[in-house]
Structures are given as structure tokens and as C-alpha cells.
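Colleague: Okay, here's the structure, questions in a sec.
Read-outs throughout are calculated quantities, based only on the coordinates presented, and are distinct from any laboratory measurement. A quick note: this is a predicted structure, and the numbers were derived from the prediction, not measured. All Cβ positions, glycine included, derive from the backbone under ideal geometry; neighbour counts span all protein chains shown.
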Amino acid sequence: MNESTLTSDVDHWRTQYNEIAASAGRLAHEVRNPLSTISLNLELLEEELRDTETPRDRRMHKKVQTLQRECQHLNLVVENFLQFIRTGTADRLPVNLNEAVNEFIEIFQPVAAAQKVEMIPHLAAQLPAVLLDQRMFRQVLFNLCQNALHAMPDGGRLELLTYERDGEVVLEIIDTGKGMDERTQAKMFDLFFTTKDGGSGLGLATVQRIVMAHDGQIECESALNRGTRFRIRLPAI
């Protein structure tokens, strides 16, 4: 296959993907509108039934609360899917990755501390710059660190390392949580795959998509009861 044919195939694939992504985005918006109406009416109904005393009304109140939880879950899935669709391209600027990591730690540290998780940065000095969309990459950090907290319900350590290797800037996020089995590791980046109750299954898929939009790669090492290490490699400039 010559270079012009390969370029044509890539362009064709990108066009098809963009069309599918646009259609999926419109569908998600169409789902969200009636879902908002349903949620609002359930909220009004729940308020009416909240102080009722008859056994029948109490049963109805519980059923309405169940429907509310399901609507909240559906809304989470739709919102995360819309976010996933929007991550196809990144508006990248030269950035020192340490600055982005430090800014995130400052925001996320109180959340970690409330769960008795200690955040420990090990950031290499004089890192070369990378091309980064900081808004999008903050979502990568949030998703990975939030997953780490879920894996450490009784507390633990969350380490963030940066270093340079072979022309790349590397970020590692390491937790001391419960880890993942081989099946979970094999499927964790698949759309809608989740092991969490109420999860959307889009968090890690979005992470991978954002990293790829930065011409980077993401890898994972994990062992049950020994923790998890995510490694993100970005090209240095």
C-alpha cells in the first residue's frame, strides 16, 4: 500500500468516525431532554409522597426513589458519553507537565485526605515541555485518581511521578488499592465496561481517548491486593 492510498484510507476513516460521533452526540442530546423532564416530574412526585403515612403511599414513595436513582444513573451515562464524544481533538499548547500535575494535586488533595489517602508527588526537575490541552488532561488526572480512591476505601497512598525517558515525558499514577484481575485489565478501556455499581463505563475509555488525542500512550500494571500503576507517555517537544 503506497503512502497516498494510506492517507486516503485514514482520511476516509476520520470522515466516517466524525459522522458517527456527530450522530451519537445528537442522539445523546435527544435522550437527555426527555430524561430531564422525567427527572423533574419524579422530583415533584417524590416531594408529594415524602410525608405520607399510609402503607400504599410509602410503597409508592420507595418506587419513585428507585426511579430517581435510575434516572440519575442514565443522566451520568449520557453526560459521560457526551464528554467522550467531545474528546476527539485537543487544543494543545506547550506546557510543563509538572505545572499541570501540581495544579491538579492542589484541587484534589482535600478530596483524597477526606478518604484518608495521602497524595505523594515525585516530580522530576527540568522536564521538557509537552503539547497539552490542560482542560482535557485534567479530566485524565481526575478519572484516574478518582478510580484510585475507589480502590482504597480504607485509605492508602496515591503517588504521582513524572520523568523523561527516550524523548518522552512520562507520568505514573500509583495507588496501594485492591488492584484488578486479568479480565478487568483486559477490558478496562472498553466502552461501557465497569466494575462499579452505578458506573457509566466511560471513564477509562475517555482517558484513553484523551491520551491518544495527545499522540500519547497509556499502560496499566495491576495485581490483586497490591495496587495499580497507570503509565502515560507523551512526546516531548
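Colleague: Considering only DSSP beta bridges where both residues belong to the range 93-235, give the percentage that are antiparallel (nearest 5).
Modeller: Percent antiparallel among DSSP bridges in the range 93-235 is about 80.
Colleague: With a cut-off of at most 15 other beta carbons within 10 Å, and DSSP calling the residue loop, which trypsin sites (Lys or Arg not before Pro) in the range 139-205 qualify? Please list them.
Modeller: For trypsin sites (Lys or Arg not before Pro) across the range 139-205 that sit outside H, G, I, E and B with at most 15 neighbouring Cβ atoms in 10 Å, the list reads Lys196.
Colleague: For a Förster distance of 30 Å, can you work out the FRET efficiency between the beta-carbons of Glu79 and Glu182, rounded to the nearest 0.05?
Modeller: Here the calculated transfer efficiency is 0.45.
Colleague: So, one more: At 7 Å along Cα-to-Cβ for each site, give me the label-to-label distance between Ile107 and Glu47 in nm.
Modeller: 3.2 nm
Colleague: Using each residue's phi in the range 175-187, evaluate 6.51 cos²θ - 1.76 cosθ + 1.60 at θ = phi - 60° and report the 3J(HN,Hα) Karplus result to the nearest Hz, with x for Gly and Pro.
Modeller: In residue order, the calculated couplings are 10, 9, x, 7, x, 10, 7, 5, 4, 5, 4, 5, 10 Hz.
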